[in-house]
Amino acid sequence: GMIGEIWEAVVSTQSTGEHVGTYASLLAQQNACPALEQLCIGLSEVENVESYIAHCYLAIVKEDFHTAIALSDRACHIAPRYVPALVAKGCSEIMSNKTTASMVTFRTILSIRPNCFEAHKGMVIGLLKVERYKEAVIAAKESVKQCPGQARTFLLIAHATSRYPEENGKLRERAKDFYLKALSLDPSCEEAVCNVCNIFIREGKAKEGLEHVKTFLEHTSTSRAHTSAAECYLSLRQHEKAHQHFSIALELNMNYTRAMSGLQFLEQNDYSENEFVPASLQTNWSSI
């Protein structure tokens, strides 16, 4: 995958270049603390921009955001217009709830590199945090223009659109179209398939949602996708199949609370009285 390819690039280039910052960022998104620690040990002899960036992401994973900001500031002091350093700074700020500062950083990145997806994503997260929903959707649409043909840009629009308050229900439903677009560009996109299932169930079209998740499960088996399939079956009152998929989900991840809740619903409820309503849309930002 992408992490493996970037690691090859890190190893093959004897000098530490931009690849190290990208690799550290991807490891942080996957919460891969041991791998990040190993990377930082390898960089411990040098005090350069890449070392500060890697240590910054390690601090983010360890939720030491004060240290993360200090390290990213050092990196940016050495190289003020170096995009990986600025991305690390923006991420540190947004994780520390310094939302306004993070948006200034992400805007700076976009003025240097308009096709930097991480900066577009950071802007959208920041705008949603301060409840500027319309601007968040506009910022997400800009990522489609600047990073064409990428499924993750449509995920970004879908996430932004689905966050509108309930009174903007129609606009929130448009998120489904964007999730489907992401899925057409990347059929292996779990985030898109699971959220599109959720919306289909809410629209009373669980059969359509089920078709999408069944296609996904032909190639990939995850606890989240099996839970989505189970929720579709539950909505269609096919309780045996729902039970089967919730059980598989818990075999894959025994701590997956959404699957646990589904099984509890199956075991405790009188279906003639209680209609199943899925939990709200999940937004897994690290998967984008």
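The values are calculated or read from the model by the stated rules, or taken from the named source; none is laboratory data. Just so you know, these numbers come straight off a predicted model, no measurement behind them. As a convention, Cβ positions derive from the backbone with ideal geometry for all residues, glycine included, and neighbour counts pool all protein chains shown. To get the accessible areas, we keep the full protein, side chains included, count just its heavy atoms, and leave off ligands, DNA and RNA. Shrake-Rupley method; radii C 1.70, N 1.55, O 1.52, S 1.80 Å.
How many residues are crowded, with 18+ Cβ neighbours inside 10 Å and either of a type in the set (Val, Ile, Thr) or within 26 Å of ALA160 (Cβ to Cβ) (or both) when one looks only at region 192-221?
The total comes to 16.
Got at least one residue in region 235-253 being within 18 Å of TYR179 (Cα to Cα) and open to solvent by less than 40 Å² (accessible area, probe 1.4 Å)?
Scanning region 235-253, I find no residue that is within 18 Å of TYR179 (Cα to Cα) and open to solvent by less than 40 Å² (accessible area, probe 1.4 Å), so the answer is no.
Scan region 205-222 residue by residue and report those that are free of Cβ contacts under 8 Å to residues at least 12 places away in the same chain and in a helix (DSSP H, G or I).
Matches in region 205-222: GLU208, GLU211.
For the condition at pLDDT 90 or above and not in a helix (DSSP H, G or I), what is the one hit in MET254, MET260?
MET254
Of everything in region 175-191 that's acidic (Asp, Glu) and under 15 Å from the mean Cα position of the chain (by Cα), which residue is least open to solvent (accessible area, probe 1.4 Å)?
GLU191
Name the residues in region 33-56 that are in a loop (DSSP other than H, G, I, E, B), farther than 15 Å from ALA88 by Cα and in contact with a helix residue (DSSP H, G or I) (Cβ under 8 Å, 6 or more places away or on another chain), would you?
Passing the criteria: LEU43, SER44.
When VAL104 is evaluated against the numbered criteria (1) surrounded by fewer than 17 Cβ atoms within 10 Å (Cβ to Cβ); (2) touching a residue at least 24 places away in the same chain (Cβ under 8 Å), which criterion, by number, is the only one it fails?
(2)
From the residues in region 5-45 that are open to solvent by 60 Å² or more (accessible area, probe 1.4 Å) and among the aliphatic types (A, V, I, L, M), which one is modelled with the lowest pLDDT?
VAL11
Of the residues in region 155-204, how many are modelled with pLDDT under 90, among the charged types (D, E, K, R) and not in a helix (DSSP H, G or I)?
Here the count works out to 3.
From the list ALA75, ALA79, which one is closer than 21 Å to CYS40 by Cβ, out of contact with any strand residue (DSSP E or B) (no Cβ under 6 Å at 6 or more places or on another chain) and surrounded by fewer than 24 Cβ atoms within 10 Å (Cβ to Cβ)?
Just one listed residue meets the conditions, ALA79.
Among residues belonging to region 144-154 that are assigned to a helix (DSSP H, G or I) and out of contact with any Pro (no Cβ under 6 Å at 6 or more places or on another chain), point out the one that is least open to solvent (accessible area, probe 1.4 Å).
So the residue we want is THR153.
Can you tell which of LYS129, LYS170, LYS98, LYS141 is closer than 20 Å to ALA59 by Cα and open to solvent by 50 Å² or more (accessible area, probe 1.4 Å)?
After applying the criteria, what remains is LYS98.
Here are the criteria: (1) of a type outside the set (S, T, N, Q); (2) at pLDDT 95 or above; (3) closer than 23 Å to SER221 by Cα. Tell me which single one HIS120 does not satisfy.
Checking HIS120 against (1) of a type outside the set (S, T, N, Q); (2) at pLDDT 95 or above; (3) closer than 23 Å to SER221 by Cα, the one that fails is (3).
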